[in-house]
Amino acid sequence: MVFTIASFEVRQRLRRISTYVYFFVFFALSVLFVCVAGGAISGAAVDFGTGGKIWLNSPYALNVITMYITFLGIVVTGAIAGQATYQDTDSHISDLFYTAPITKFDYLGGRFLGALALQILIFSSVGFGAYVGAHLPWIDQSRLGPNNALAYLQPYLNLVVPNLVLTTAIFFGLAASWRKMIPVYVGSVLLLIGYFTAAQLSTNLTVNTVIALADPFGASAVERLTQYWSPFQRNTQLIPLGGILLLNRLLWLGLGVIVLAITYLRFSLSHPSQRSRKPRVATDTDEDILVPSTRALPISHPVFSSVASWQQFLSLTRIQFTETVKNVFFLVLVLAGGLFAILSANQIASPFSSRTYPVTYEMLEGATGGLFVFALAIITFYAGELVWRERDAGLNQIVDALPVKRWVLFTSKLTALLLIQIILVLVIMAAGLIVQLAQGYHRFEFGLYFTDLFAIRLFQYWVICVLAFFIHTLVNQKYLGHFVMVLYFVSTLALPGMGLQHFLYRYGQSPRYIYSNMNGYGPFAASLFWFELYWGIAAIALAIITNTLWVRGTGENLRARLQLAGARFTRPTVAALMVCATLLLVVGGYIFYNTNVLNPYYSTYAIDEGRAQYEKRYRQYKDLPQPKITDINTQIDLDPANRSVDMRGTMMLENKTSFTIDRVAITVLPVDLAPVPPPHREIQKLTFSGGQTTLLEDNALGFYVYRLNAPLLPHGRIALDYSVSYKNIGFVNSTPNLDIVKNGTFLNDRYAPFVGYAPDIELTDDSTRHKHGLDKVKRMPKLEDIAARNENGISSEADWINLESTVSTSPDQIAIMPGYLQKEWLENGRRYFHYKMDAPILNIYSLNSARYTVRRDHWHDVSLEIYYHAGDEFNIDHMMDGMKASLDYCSQNFSPFQFHQLRIIEFPRYGTFAESFANTIPFSEGIGFITYVDPTTVDQIDLPFYVTAHETAHQWWAHQVMSANVEGGTSIVETLAQYSALMVMKHRYGPDGMKKFMHYELDNYLRGRAQERNEEPPLYRVDANQGYIHYSKGAMVMYALQDYIGEDNVNKALAEFVKAFAFKGPPYPVSLDLISYLQKYTPPEYQYLYDDLWRNVTLYDNRARSATYSQSPDGKYKVNLVVEAHKFRADAKGQDHPVPLSDFIDIGVTDSQGKFLYLEKQKIEKEQNTFTITVDKPPAQAGIDPILKLIDRNPDDNTIKVDKQ
Amino acid sequence: MELRIDKLSKRYPNGVQALQEVSLQIPQGMFGLLGPNGAGKSTLMRTLATLQEADSGSVSLDGIDVLKDKDELRKVLGYLPQEFGVYPKISAEVLLSHFAALKGITNSKERGEVVAALLQQTNLWEHRKKPLGGFSGGMKQRFGIAQALLGNPRLIIVDEPTAGLDPEERVRFHNLLSAIGENIIVILSTHIVSDVSDLCGQMAVIHQGRVLAAGEPAALVANLQGKVWKKAINSSELAAHRERFKVILIRLFSGRTMIHVWSEVAPESGFEAVTPDLEDLYFATTRGYLQNPVTLERVN
């Protein structure tokens, strides 16, 4: 009987169009996903963690694709599973089933199985779509591996089917128990959003066992199983149903079964009124029926004026609003949304799990993000409910025949929904305030709350409300209307990825903006305003149209309704529409003028294409002998209010080659070709002393080649006079230029003309390059390339330069450039600063200008200054501290500090980094300045302190010793800066406190290598953009090294290294040089370390197998520890090959407080090892490499609890 | 074959006593249950149809304990509820076939035959492939009776089946019911008096949860002989008459108001004797003018 019922369900559903619509939509989504990931659609890119080296049909990628798309299907599950029983209540057919000779088990079981089977059929479309998508002709074939049917099937077995059982059980149970669909809607929204938010919140945490088990859909468990898999493994290995994944599946399947059991027990095949508590309608007494009333009814005088209509509008709005809001489920949705808003605002930010102060803009961003999907759900759902309210209640024929104006009926509902948005916006504010209060932060900035929420956010919601009403009115079928709205939301995500990025046609969308305390809404304000105005007018027009389409009466088909709508276009309506259309054209025209005429409009594809063109045409000039810059004397006039800058100056160039140079190439930051378009550029002068003729002038790409009238002999010098100005006019469609802003300008040397071909304009991603017809990215010159050592890694145009600059800005701002301030004065309403360096520096420099507050201090004879935005003084002390500690350490151990000043300068949070220029460290508002450092907790890293120490160390590692521009160069500059900062930390927190830090770095490295799109080289050949190697792996390598050979020895080596190379010109040092100095101070038994740590990619898989202890008669404790060690070397593809062991590895025992009772290096030569260790106190944990000095594939099994024997 | 209802009581959570010690013995054939809205008819019907629990009492059908052994009863039950719907997008034939399967007619050939026969019998054969959403009220009712007849039930419960049908459909429905068969109990619950008088060999009057009268319609009506009187009055005189007499019913006739009153003896002049009919019985019973509830023994 179960089968009879189930098969009936499936057969009936197979006859419905909706089933095929669902199938097709998910099929299409899957195909689309694969196409975009496979680079088939130009201008579109999507990664979703599948990475460039992962095959599209690999087990890993298929897993991701299937997971993501079926996740979207939760809404469909809700509909189908809920309808499985609700359809009987809805059709009033329940009694006919309940009186049939079937059991509760037959009924529930059959309906459940039917719903489940149907969904498995529907969601099989994702697998088919992935297959079809991967085999379309326009897919890049290199993205595919061999076909493995199991790889397609496995996500279903592991994830989809168990997840469907769980979600179907939940929604099935909700609908069967409550006999209403509302719990199902609310449930599916909560589930979707809750899961989404939880996923967001946990991206910063390593997936540990708890998260892996707690994730009901198994994604985290899969992530945990595969998080350290190399690309090779992800391509070839099927994801096993074992370990944590199996546990997770059993746990959640079990829960699903429990839900079904509860549903079964609660359900009864009986009439609903059995359990109803509604008061029965009182029966009339006979008197009322018999006696015809002889009293006359009072006479009323109906009024039909526009004032009356207005009053009706007001009262109807109030009714619609209270009816919607009084509902229990609305409250649940709002509360849940508020909860997620609070959680999101409270989000633990990385790195090192550092929190920030709950400043208002963070609260706004967090809470708005947390509530966002709830808001969309509420808008969509309640628009439908409002439009359908009378029809659902069966009241529509009565209401529609009343003498109420149509606009009153429509507008009152729309207004009710608009009022609800105010509630949502207030919830966001409440969430932010709650988090701020909870953390004791009182700078509420209500002005900002109101502006952001009411002027921007509320407006955006309102525009979407109008769209929701339009769709629900046009589509005239509630579920289909919801579905179309969901498609709209999907399109807002999908369209930009497909290259359709202009906001003039993306309904309701406006550019993303970043609010900065320093600069307010800055350059975003203009585009926000105009686009909101534009869509606001469009929304009004849409509302007018919706009014003509409004359903009144029982007319059904679309054609009849369209005819009726046509008849409803009265003169006032047409006039209003004309006004809207005109305004729309005007505003749209103005926008278009700004975004496309005044400023060229480029899609991402077009920008990339420009960069590709630059490379294709001009890379031939890369090896042209060019003179190098030796001196720069520049005058920069900055106009912050108008966001423009004029740069003039003279560069002295010297021919340091052995060739005669007759041609010089110059690149001026190409107009609109960087990812963020630089402003309008005008070159007034590019003149060489002695004259030149122009050989090539490409203004669009910013590349010029001149023939010198007087060829430059070797050692010859020539002056280049230049004058360039940059302006920002109007506003743009995408992100505006954020370097030149009203408060917080941060320019760098790249705004000045660049001598030669500029390689960093080239595209770095292989997939993108392929799309634009380029070969794979060219790696840095090899270590063996001796000629390449003549260029340093920072600048190919210069070695060390003398810099002198005169900067002017508005009188209320301070402008800072590298150099010592010679003079400061006011002239012509502008403020002038004259800076000069007293010694040569690298050819990188910055210009910062803002209204700063200054904190001054000193270290020995070095003046320390921090320029910050008033209000961001939370961590100034920590930064000062960091500077001093790092200056102390580096000058004691490496070499004297070469400057007499060191300055930290705050810049707006548009970029979240810190950078070290000569005696100048710009530091982002978004890191360090608002980080919250808890003075009470010990294991939290003081982020501002750390970053400052790192950047200060760069004054040695970069500004004294600069590496050559070959592979492995950053292992000098970045790795040694990491090392220095690590040592500063070690001296402050002690070695025991470093474990968490090292674990973080190890994690970063392992994840980075799992996402490596190209090849992973060993440290000594690291490429400049492989941060996970030179930062994270480098940190581990150096920390291990100083642990093995001693910190003093490392420092001696480094001091000699500095002495050999500081301030010297070419040939610049390479990683091999650094290694030779380090090796000099390494004893013979540790020489093997350089092969392991530097010259190869080495990984371990160390494990503590068992640990027991017994108490010996003399009161000491004997620990018996069994450990396993495995060592691997990885090849370029990420495949690991085992290698024999002959290593010194820490063996340690700790007490219950975590202090080491025993920590010694032991020589490990075989895989299984047993140790007997005697300690004084009761042991708690024991293991191999407990502080994680070595790179371990699986760091969590290194130590184990010690059990009593 | 007999359906025995013994002191059935039911009280809803909001305090309404829907059934008060209802006792009936229902033989095979058409049994009419007459009473006003809210009298407890539907509650009784649903309880008999295994859809609702009773607080106390017992019901048995030839040895099947109806209240406790629901599964057994459903095997021989056919139920046409007062309000029911259908899946709008499915055809009559397909849905009827599904219900046939649920009723245990698992053999597909047999099922096809039964379904075809029933559709013919209810005059739905030419509409069998059309979606049920497009059926008129009468057609839907006929579908309802068709599904109730599936599986050769021994007890058929029809709850207010003719409310909302036009006169022609009503006649058609009556013909259907009377042709159903002999060895079956059909309980017809209605507030339309002529349904009972046209169709039923046995009846009961139920009001406010109690059985006020039970037996053969003709015999029950005969009890009223000589006690019902009629008079034509003006609407303004109505209130006065109501105070002085036991008014059974009021009708409008040619613009004037016609009343029937209950009186053991002839009331004042102006009143004419009337041959009582079932309607008089119904109103007199429900108004409580019959002091002793008349329950005639089953004549057998």
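At a probe radius of 1.4 angstrom, the accessible area of the protein assembly as shown per residue rounds to 42 square angstrom. Convex hull volume per residue, computed on the Cα atoms of region A:559-690, equals 179 Å³. Kirkwood radius, region A:813-918, all distinct C-alpha pairs, inverse of mean reciprocal distance: 15.2 Å.
Remark: for residue pairs A:K104/A:K478; A:K1080/A:K1166; A:K1118/A:K1161; B:K41/B:K89; A:K685/A:K823, the C-alpha separation exceeds 23 Å in A:K104/A:K478; A:K1080/A:K1166; B:K41/B:K89; A:K685/A:K823.
For a 25 Å ceiling on Cα separation, which of these pairs sit above it: B:K7/B:K68; A:K836/A:K986; A:K1116/A:K1155; A:K1052/A:K1189; A:K996/A:K1201; A:K995/A:K1163?
Numbers: B:K7/B:K68 15 Å; A:K836/A:K986 36 Å; A:K1116/A:K1155 17 Å; A:K1052/A:K1189 21 Å; A:K996/A:K1201 19 Å; A:K995/A:K1163 22 Å.
A:K836/A:K986, as the Cα separations exceed 25 Å there.
Rolled with a 1.4 Å probe across the full set of protein chains, the surface gives A:M837 an accessible area near 10 Å². Calculate the all-directions average of the projected area of region A:509-615's alpha-carbon convex hull, and give it in nm². Across all orientations, region A:509-615 yields a mean hull projection of 11.5 nm². For A:D1203, the solvent-accessible surface with a 1.4 Å probe is about 70 Å², rounded to the nearest 10. Computed on protein heavy atoms with a 1.4 Å probe, the accessible areas place B:E93, B:E21, A:E925 in the order B:E21, B:E93, A:E925, largest first. Helix A:970-989 axis versus longest C-alpha principal axis of chain A: approximately 80°, rounded to the nearest ten. Region B:1-142 gives an Rg/Rh value of 1.02, both radii derived from C-alpha positions and Rh following Kirkwood. Legend: calculated FRET efficiency, A:K776 to A:A214, from the Cβ-Cβ distance at R0 = 56 Å, rounded to 0.05, equals 0.85. Region A:355-409 and region B:110-170 have Cα centres spaced 44 Å apart.
Give me the percent of accessible area attributable to carbon and sulfur for region A:825-977, probe 1.4 angstrom. Show your work: numbers first, answer last.
Working: 2320 of 4610 Å².
Carbon and sulfur: 50 percent of the exposed surface of region A:825-977.
Within the accessible area of region A:614-712, the carbon and sulfur atoms contribute 48%, probe 1.4 Å, all protein chains present. To the nearest 10, the accessible area of A:E609 is 50 Å² with a 1.4 Å probe. Would you mind pulling out the separation of the Cα centroids of region A:848-876 and region A:560-631, in Å? Here the two parts' Cα centres lie 42 Å apart.
For region A:98-128, heavy-atom accessible area (probe 1.4 Å) falls by no less than 10 Å² from the chain alone to the full protein assembly at A:Y98, A:T99, A:A100, A:P101, A:I102, A:T103. Using alpha carbons only, what's the Rg to Rh ratio of region A:1026-1184 with Rh from Kirkwood? Rounded to two decimals, Rg/Rh equals 1.06. Taking 23 Å as the straight-line reach from the Cα of B:K246, the lysines in range (excluding those fewer than 8 positions away in the same chain) are B:K227, B:K230, B:K231.
Remark: region A:775-826 projects, on average over all directions, an area of 6.9 nm² (convex hull of Cα atoms).
Mean projected area of the convex hull spanned by the Cα atoms of chain B, taken over all viewing directions: 18.1 nm². Semi-axis lengths, largest first, of the ellipsoid equivalent to region A:530-580 are 25, 13, 7 Å, with √(5λ) applied to each eigenvalue of the Cα gyration tensor. Using a cut-off of 14 Å between beta-carbons, work out the net charge of the residues near A:V399 (Lys and Arg +1, Asp and Glu -1, A:V399 not included). Taking every other residue near A:V399 into account, the sum is +2.
Annotation for the A:B interface, with buried accessible surface near 3300 Å², both sides summed [1.4 Å probe; non-protein components not counted]. Accessible-area loss of 10 Å² or more (1.4 Å probe, protein heavy atoms, chain alone versus all protein chains) is found in region B:1-36 for B:K10, B:Y12, B:P13, B:N14, B:V16.
What is the calculated FRET efficiency for A:S1152 to A:H135, with r their C-beta to C-beta distance and R₀ = 56 Å, to the nearest 0.05? Don't jump to the answer; show the numbers that get you there.
Details: r = 59 Å, r/R0 = 1.05.
Calculated value: 0.40.
Helix content alone sets the calculated 222 nm mean residue ellipticity of chain A: runs of n ≥ 4 DSSP H residues at -39500 (n - 2.57) each, divided across all residues, give -14500 deg cm²/dmol.
With a cap of 10 neighbouring Cβ atoms within 10 Å, and only residues DSSP puts in a loop, list the chymotrypsin sites (Phe, Trp or Tyr not before Pro) found in region A:723-797.
Of the chymotrypsin sites (Phe, Trp or Tyr not before Pro), not one in the loops of region A:723-797 has a Cβ with at most 10 other Cβ atoms within 10 Å.
Length, then width, then depth: along the principal axes, the Cα atoms of region A:446-521 run 48, 30, 17 Å.
Give the average, rounded to an integer, of partner chain Cβ atoms located within 10 angstrom of each Cβ in B:70-80.
On the way: counts 6, 3, 1, 2, 7, 2, 1, 3, 1, 5, 3.
So the per-residue partner count for this stretch is 3.
For A:K778, the lysines whose Cα comes closer than 17 Å to its Cα, not counting residues fewer than 8 places off in the same chain, are A:K53, A:K616, A:K622.
Taking the Cβ of A:G522 as the centre, find all other residues whose Cβ is under 10 Å away and add up their charges (Lys, Arg: +1; Asp, Glu: -1). Could the numbers behind the result be given before it?
Numbers: positive: A:R643, A:K742; negative: none.
Neighbourhood net charge equals +2.
Computed on the Cα trace of the protein assembly as shown, the radius of gyration divided by the Kirkwood hydrodynamic radius gives Rg/Rh = 1.09.
Rank these by accessible area, largest first, 1.4 Å probe: A:H680, A:H92. Present the calculation step by step, with values, prior to reporting the outcome.
Numbers: A:H680 55, A:H92 120 Å².
Solvent-accessible surface, decreasing: A:H92, A:H680.
Can you give the local net charge around A:V1022? Use residues other than it whose beta-carbon is closer than 10 angstrom to its beta-carbon, Lys and Arg +1, Asp and Glu -1. Neighbour charge sum, excluding A:V1022 itself: -2.
Dividing the alpha-carbon radius of gyration of region A:414-543 by the rule-of-thumb value 2.2 N^0.38 Å gives 1.20. Distance from the C-alpha centroid of region A:1095-1128 to that of region A:250-269: 46 Å, rounded to the whole angstrom.
The values are calculated or read from the model by the stated rules, or taken from the named source; none is laboratory data. For clarity, every value in this text was computed on a predicted model and none was experimentally measured. Note that we place each Cβ from the backbone using ideal geometry, even for glycine, and neighbour counts take in every protein chain shown. The area values use the complete protein model at the heavy-atom level, side chains included, leaving out ligands, DNA and RNA. Shrake-Rupley method; radii C 1.70, N 1.55, O 1.52, S 1.80 Å.
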